[in-house]
Every structure is written in C-alpha cells, then in structure tokens.
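Below is one structure, written out as structure tokens; the observations come after it.
The values are calculated or read from the model by the stated rules, or taken from the named source; none is laboratory data. In this text the structure is predicted, and so the values were computed from the model without any measurement. Using ideal geometry, Cβ is built from the backbone for each residue, glycine included, and neighbour counts are taken over all protein chains shown. Accessible surface areas use protein heavy atoms only, side chains included; no ligands, DNA or RNA. Shrake-Rupley method; radii C 1.70, N 1.55, O 1.52, S 1.80 Å.
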Amino acid sequence: MKPETLSVLLCPICRDRLRVTVVKAVTRNDRLRDGIIQCEGCRQSFPVLNWVPRLLPYHALTLDERQTLEAVNLRGDIKPHLVEEERLDAAELQQHLEKRIRAKMNPSILPDKLRERLERDIDYRLRHNREKGKFIRTAQAYMGNTPSRILDVGGGQGGALTNFDKYFKPEIAVLLDIDPDWVEMAWLLDPDTDVIRADATRIPLADGCMDFVFSSATLEHIEDWKGAVHEMVRVGKQGLLCYNPNAGFPYDFGHLDSPLVTWLPKSIALKVAQFFHHVRRTGRTLDSIRAELAATVYIHRRAVVHELTRCGVEVDNAFGEFMKQTVQESYHISGKRLFSFFRCHPTMLAVFTRALVLVGAEPNVYLFYRRREKERN
C-alpha cells in the first residue's frame, strides 16, 4: 500500500481516519507490505497482508487475516524489515495465475458443455482480461477532465484498472474487491496499482476523493446494491457503472444462461432454468442453478438510474457508445458473428441499440454519471 493511498483511506466502521501502527515489512519508498493500520476514532485494527489492506470488520476477515492481527497482539513490539516489491516475470506470472484461478474456479467433475464454458472463462481471465480499451473509450466520450485518482469497485483479479492506469497515468489507482483470492491475484497482476479488500457497501475512502469510479460485473452480485451505488457516488465525482443482465432483458447471459429468469420470481425462475438446462442437456444441476440464483440480483436499469438521480448526479445511458466501441474490438468471448455484422453496418447498430434503450431491454447496463457542476466545485 502506497502512502498516497493511505491518505484517502477511512475506517469502514466509523469513517474516521486511519494510521499505520505496526510495520512488519515495508519497501524503501515506504510502501507497506505487511502490518497493521488502526482507526483513530473507534480504535479498530485492520491487517495489511501481502500488500493488501483488509478493511473489513473482524468477523468478516479470513483465518489468515485474523491470525495476522492476533500475532501482533501476542508478540508486542515488531521490528520492521525492508523488502523489495514482488514482481514475477511474464512466464512465472502466467503460470502462477493459472494455478490459482483453476484452484478457485475448477470443480473436479464437470459435464463436457460446462467444462468448455469454464475453459473459455479461464482463457479470458489469463489471456484477454486486460483487453478493456472499450471501457476507456466509452468513459472518454462522457468524461470531463483527465482523472488523477481512479477507483475500480469489484475489480476482481484486475485488468481494467491496469488499462485506466496506463492510459490516464493517475496519481492514485485503487482496486477494491471483497474476495480474498482475487485481491491477491490483482496485486500480482499489477503491482503498480493499490489493491484493497473491502465491502462495496462500505467503501473505506473519503468523500469525493476519487475523480473517476469504474465498476463492471459487480452490482448484480451485491444484495444491497442501492448501498453500493450510494457509496460509489459518495467517493467519486464521476463514474462508469456497468452490470449485467438488465432485468428488462428476457435472458440471463453469463450467469444462468436461461430465458425469462430475469423477469420471474426466483422460485419460478429456478424451475424454468432447471427445465431449460435439462432440455438442452447442459449438465447443470439443480444445486448449481440454485446457487447461481442466490448469488445474482436482477436489477432493472431504470431502478439504478432512479437511485443515481436520488444521489444528486446526472446520468447518461452509455449502452450505445459502449456497443459502438465493442464492435471495434478483435476479441469477444461470445457473439462474434453479431459484432462482426454490426462492425460492417454501423447504422444498423445505432438503430438496434436505440431501440433496446427505448424499451428498457438492453442486455447489459452501461451508465455514466457525474456530479453537478456546483457539487464538483
């Protein structure tokens, strides 16, 4: 963790300032690898482990994170030692990431169709996860000044923030995610950015400290998504908020891969998805469908726009711009033929996207929001 990032951190519990109280391992330029940071208000302590601050209440910490805190309490005074930043070469990084990603995502037994889908997902995470130029170009179409502080909420293993960091060269670039495995992989993938393990509904950052907030494929996995939206607006002056699927679209791509489930009560959606996968013989079990439904929140675009407006920001629907930028990309995890057609027929793409937006049925939601001029100043 860089000193510049520490300067904008707040306690996720009481919103008071944080300070470093124990340094176990640090670089020569004061970048903290392992140690303890403490709230000046409520006195809650948080571990910094493997370069990542773990800014969550004690009950939400992993066993390793708790042991880090307890070891400090038992040992008392700890002498800091100097370390170098851990940077793997390209081959080592690829091998390490593949091992960790497969361990996290790869169940021992899968039907062939699900195995093929899993391998596509793993290939994307390993080889194409940094291909995020379409997000940068979309944001630029609406962005005001070049951001000097950027936050990626729910950034997972990273990739998008790396692109924003290299393109805009901000003073501070922070990735936030709650998953303990993804945050460690994100830091290994890009040690030049800072990574925080925290809850998107209690972002541990000061009000308005970020010039630009980015979030993709995260909101649909947060039960208190309204709380997350309010937090993103609180900490950032403008942002690009993306999620899928839109509850107005009659198909769930990427989670359940089933029709109508976005429109139905989950008890009925479970049966529809089970029947659909049974007919298609995909191999999905009832338990896996139930788990996916439990982890996915179907949110209509207009509900998010309403919530953003309540926060006092201006909102633009960026779906058309994002599609225009997407068809220019060379890699697509799915829909290659459709994107190829639209690349050759931009007028058809414009008509198609406007029609979907008009009826509120675009498959994915892309919203750019900004504080009003008076609030930004």
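Things to note:
- Angle between the chain longest axis and helix 180-189 axis [Cα atoms, degrees, rounded to 10]: 90
- Comparing mean-square fluctuations of R125, R354, R280 from a GNM of the chain with C-alpha springs under 10 Å, the top value falls on R280.
- For the chain, C209, C242, C311, C344 stand unpaired, since no other cysteine beta carbon lies under 4.7 Å from theirs.
- FRET efficiency estimate (nearest 0.05) - Cβ-Cβ, D179 to L260, R0 35 angstrom: 0.75
- Proximal charge balance of E321 [Cβ under 11 Å; K/R count +1, D/E count -1]: +2
- Legend: calculated FRET efficiency, D123 to R43, from the Cβ-Cβ distance at R0 = 41 Å, rounded to 0.05, equals 0.30.
- Counting only protein heavy atoms and a probe of 1.4 Å, the accessible surface of the chain is 52% carbon and sulfur.
- When the alpha-carbon atoms of the range 6-49 are used, the pair Rg, Dmax equals 10.4, 32 angstrom.
- Folded to 0 to 90 degrees: helix 266-280 orientation relative to the chain principal axis, Cα: 60
- Gyration tensor (alpha-carbon) shape descriptor, the range 225-377, a/c threshold 1.5: oblate
- Of all aspartates and glutamates in the structure, the ones whose alpha carbon falls short of 17 Å from that of K237, not counting any fewer than 8 places away in one chain, are D152, E171, D207, D211, E307, E314, D316, E373, E375.
- Long-range HN-HN contacts of V195 with modeled amide H, under 5 Å: L175
- Subtracting the Cα-Cα distance of D192 and H59 from 0.36 nm times their residue separation leaves 44.9 nm of extension gain.
- Here the spin labels are modelled as points 7 Å beyond Cα on the Cα-Cβ line, and at L93 and A71 they lie 2.7 nm apart.
- Less than 5 angstrom separates the built amide H of I299 from those of A247, all sequence-distant by 5 or more or on a different chain.
- Scattering profile of the chain at q = 0.07, 0.09, 0.12, 0.15 Å⁻¹ [log10 I(q)/I(0), Debye over alpha-carbon scatterers]: -0.33, -0.55, -0.99, -1.49
- The sum of -39500 (n - 2.57) across all DSSP H runs of n ≥ 4, divided by the residue count of the chain, sets its helix-only mean residue ellipticity at 222 nm to -12000 deg cm²/dmol.
- Amide hydrogen neighbours beyond the local backbone of R15, cut-off 5 Å, H modeled: none
- Beta bridges assigned by DSSP with both partners in the range 1-91 are antiparallel in approximately 90 percent of cases.
- Taking the square roots of five times each eigenvalue of the Cα gyration tensor of the range 1-106, the equivalent ellipsoid has semi-axes of 26, 18, 14 Å, listed largest first.
- For the chain, the longest principal axis of the Cα atoms and the long axis of helix 112-123 meet at an angle of about 50 degrees.
- Of the two radii for the range 152-191, the radius of gyration is 0.95 times the Kirkwood radius, both from the alpha carbons; that is the Rg over Rh value.
- Kirkwood-type hydrodynamic radius, the range 112-202: 14.0 Å, calculated from all non-identical alpha-carbon pairs.
- Among the listed pairs K2/K99; K2/K132; K271/K336; K79/K104; K24/K166; K226/K271, those beyond 32 Å (Cα-Cα): K79/K104
- Note on T347 and K166: the model spin-label points, each 7 Å out from Cα along the C-beta direction, lie 3.7 nm apart.
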